[in-house]
Amino acid sequence: VNTIIEILREHGIPATPQRIAIAEYVLSARTHPSADDAWTAVKKKHPTVSRATVYNTLNLLVSKRLLKTHLLQEGITVFDPHVDHHHHFIDESTGEIHDIEWDAIKVSGEDSLHGFEVHEYQVVMRGRKKK
Ligand SMILES: [Zn+2]
């Protein structure tokens, strides 16, 4: 928790107990939670935390570049503490979102997109785990 408080302070975010709990949950998450997932998790310890506080804190963490958002499935924004470039694999049978290391997938041809300057891209794969 101390490190979470330090991270919040370093980024100019006042560390209230609710914000610490939200940041602790989402910055250690490996599951790509939605805002409602975070709300559900944080409510277990802080039953009075409001949806707005969770949303505002998540957006604050995004604006400080501690989190990234991805729209990987229609209508659901997920939060990702893994802010370096990487790809995603969505397991269609469970809905789980797995990180794929950047170097594991090769994308080519972005140089041939005349008239476009590419700043960012990622590969989103869907399938299932092999048995
Ligand atoms: Zn990810």
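Has the range 104-121 got any residue that is more than 16 Å from the ligand (Cβ to nearest atom) and in contact with a helix residue (DSSP H, G or I) (Cβ under 9 Å, 6 or more places away or on another chain)?
yes
Count, please, the residues in the range 12-65 that happen to be of a type in the set (D, E, K, R) and under 25 Å from Ile90 (Cβ atoms).
Number satisfying all stated conditions: 4.
Quick one: in the range 7-30, which of the residues that are surrounded by 15 or more Cβ atoms within 10 Å (Cβ to Cβ) and either among the aromatic types (Phe, Trp, Tyr) or touching a strand residue (DSSP E or B) at 6+ places or on another chain (Cβ under 9 Å) (or both) is farthest from Leu71 (Cα to Cα)?
The qualifying residue farthest from Leu71 (Cα to Cα) is Tyr25.
Kindly indicate whether His87 is of a type outside the set (S, T, N, Q), in a strand (DSSP E or B), free of Cβ contacts under 8 Å to residues at least 24 places away in the same chain and in contact with an Asp or Glu (Cβ under 9 Å, 6 or more places away or on another chain).
no
So Ala38 passes all but one of these: (1) at pLDDT below 95; (2) away from the ligand (no atom under 14 Å from the Cβ); (3) aliphatic (A, V, I, L, M). Which condition number does it fail?
(1)
(1) within 11 Å of the ligand (Cβ to nearest atom); (2) in contact (Cβ under 8 Å) with a residue 24 or more places away in the chain; (3) not acidic (Asp, Glu): which one isn't true of Thr69, the others all being true?
Every condition holds for Thr69 apart from (2).
The values are calculated or read from the model by the stated rules, or taken from the named source; none is laboratory data. Treat the numbers as computed from the prediction; the structure is a model and nothing was measured. Here Cβ is always computed from backbone atoms with ideal geometry, including for glycine, and neighbour counts include all displayed protein chains.
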